[in-house]
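Report on one structure; see the data block that follows.
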Ligand code: FAD
Ligand code: NDP
């Protein structure tokens, strides 16, 4: 097959790709200049929907959540790309990349050359066989990364409803918390098992975690802390019957969902671009999101970019706002180098579970200071580091209140005493 040439190629048609396309269009990309290649059968969609709503009874289906609706933009269905003259190859995997010669090849036997390349290959879930878990591939064990996983999980839910409705969710992070909440309305018996001493231990302080733990238990979700899933028991027909725990216990399970973290998809570029072997991993970029090759940019989950707001060390963010912002930034830089200056990103995490919704901005470094009243469901925390307030968390904030904590994390004002800060609570942010 002959080689086709595009001015711009995006590898990975996930979350970032839709936002890159939007920026290319607003920057005046001409028909026939942009090619996007993605493994999934769908053009870019808002991935967060998968763990919040996709597997609810009557969950949403595409095209309802195509990018860029989550970022307040147009719903970019396949026709949108066609209309703009953007070639979008879905169901197509890039199998090799030759960075020196500026060309890539796909599993369909196509080869494309480019002037500039955007890498947006995202992450893959860490599977439990990585840790040597026994029988980790039995039927009935699910992960959630893309729509195909969501469709498989929906079938698994229907099967579990025909059995004993016993569900075990492995991992106390984002997937664990959000999927438990998404599956509960199916009337399933859910146990959430995780190795740490509290939920979301990398972000939540003990006080914050204890609020959600109580909340989950009131919703009928059993929590098993400090327990590592070490294997699975075969029902005899290749499907899962129980989850084995490292300390010897076991949990009955008709359905298991694992959320044990993710790793960046960088294999295609091994030995060709600067990759970080150690934490945070990923493809190293400069502040313009350029990799070690000046015509190759990295965005979203795989980009290890200099965290200019916090001293310039490499940071990787596996979060949607960064995928959106970095894709738009890099697309703009690819068309008009130097136009955007440096990529500055304020870390932002959020989640929604049942009727709860929290946001966090900044870094959870230094000493946490709890504020508000957990019994009323409205509370938060600041983090003080070197005399400055560097991070802020808020449950059930209004739009204005969330903006106020974002401002605090951006400005990093001097901190009053811990007592004063706790007493001032949200007023410290809203009146600042
Ligand atoms: P992805 O969106 O993962 O896209 C990468 C794409 O590249 C995929 O479609 C993949 O199939 C494709 N690909 C990979 N390799 C190849 C190849 N060789 N050839 C072709 N295509 C390839 N973040 C939040 O901040 N808030 C949330 O509420 C939230 N919810 C989430 C819920 C779920 C279920 C998941 C999995 C993640 C969630 N995240 C959330 C994280 C957020 O979705 C990611 O940070 C974001 O999707 C990263 O965007 P990306 O474009 O870098 O990667
Ligand atoms: P997280 O890293 O958030 O959580 C993984 C959890 O699994 C940790 O608590 C981890 O513990 C635990 N774990 C690891 N191995 C085991 C085991 N054998 N038994 C029990 N628990 C175990 O990753 P997720 O899988 O939740 O999320 C995957 C990706 O999706 C991430 O990139 C995340 O950012 C993204 N995502 C983001 C959302 C959001 O921002 N709202 C929502 C959903 C997904 P330990 O830390 O000790 O290893």
Picking from 6, 42, 54, 19, the residue that is touching a strand residue (DSSP E or B) at 6+ places or on another chain (Cβ under 9 Å), over 20 Å from residue 99 (Cβ atoms) and in contact (Cβ under 8 Å) with a residue 40 or more places away in the chain would be 42
Output for Cβ contacts, cut-off 9 Å, separation at least six or different chains, first residue on the phi > 0 side of the Ramachandran plot in the stretch 310-336, second more than 13 Å from ligand 1 (Cβ to nearest atom) and at pLDDT 95 or above, reads 312/287; 312/306
ask   = Got at least one residue in the stretch 107-121 being assigned to a strand (DSSP E or B), without any contact (Cβ under 8 Å) to a residue 24 or more places away in the chain, surrounded by fewer than 21 Cβ atoms within 10 Å (Cβ to Cβ) and within 13 Å of ligand 1 (Cβ to nearest atom)?
value = no
When (1) within 28 Å of residue 95 (Cβ to Cβ); (2) within 22 Å of the chain's Cα centre (by Cα); (3) touching a residue at least 12 places away in the same chain (Cβ under 8 Å) are applied to residue 151, the one that fails is (3)
Filtering helices (runs of 4 or more DSSP H) wholly in the stretch 316-432 for at least 1 residues that are closer than 28 Å to residue 18 by Cα and in contact with a strand residue (DSSP E or B) (Cβ under 7 Å, 6 or more places away or on another chain) gives 320-335, 399-411
Among 370, 354, the single one that is within 16 Å of ligand 2 (Cβ to nearest atom) and in contact (Cβ under 8 Å) with a residue 60 or more places away in the chain is 354
Residue check: is residue 181 touching a strand residue (DSSP E or B) at 6+ places or on another chain (Cβ under 6 Å) and in a helix (DSSP H, G or I)? yes
When residue 59 is run through (1) surrounded by fewer than 19 Cβ atoms within 10 Å (Cβ to Cβ); (2) away from ligand 2 (no atom under 16 Å from the Cβ); (3) assigned to a loop (DSSP other than H, G, I, E, B), the failure sits at (2)
Okay, strands (runs of 3 or more DSSP E) sitting entirely in the stretch 184-261 with 3 or more residues that are more than 16 Å from ligand 1 (Cβ to nearest atom) and in contact with a strand residue (DSSP E or B) (Cβ under 9 Å, 6 or more places away or on another chain), I get 189-193, 222-224, 229-234, 240-245, 250-252
Residue pairs within 7 Å by beta carbon, gap of at least six or interchain, first lying in the stretch 416-430 and in contact (Cβ under 8 Å) with a residue 12 or more places away in the chain and at positive phi, second assigned to a helix (DSSP H, G or I) and surrounded by 15 or more Cβ atoms within 10 Å (Cβ to Cβ), listed first then second, are none
Given (1) under 26 Å from the mean Cα position of the chain (by Cα); (2) within 11 Å of ligand 2 (Cβ to nearest atom), residue 185 misses just (2)
Tell me whether the stretch 284-297 contains one or more residues that are more than 16 Å from ligand 2 (Cβ to nearest atom), in contact (Cβ under 8 Å) with a residue 24 or more places away in the chain, farther than 16 Å from residue 334 by Cα and not in a strand (DSSP E or B).
no
Filter the stretch 205-222 for residues that are in contact (Cβ under 8 Å) with a residue 12 or more places away in the chain and under 23 Å from the mean Cα position of the chain (by Cα); the one that is surrounded by the most Cβ atoms within 10 Å (Cβ to Cβ) is 208
With criteria (1) buried (at least 20 other Cβ atoms within 10 Å of the Cβ); (2) more than 24 Å from residue 146 (Cα to Cα); (3) touching a helix residue (DSSP H, G or I) at 6+ places or on another chain (Cβ under 6 Å), residue 332 comes up short on (1)
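The values are calculated or read from the model by the stated rules, or taken from the named source; none is laboratory data. These figures come from a predicted structure and were not determined experimentally. Cβ: placed from backbone, ideal geometry, glycine included. Neighbour counts: every protein chain shown.
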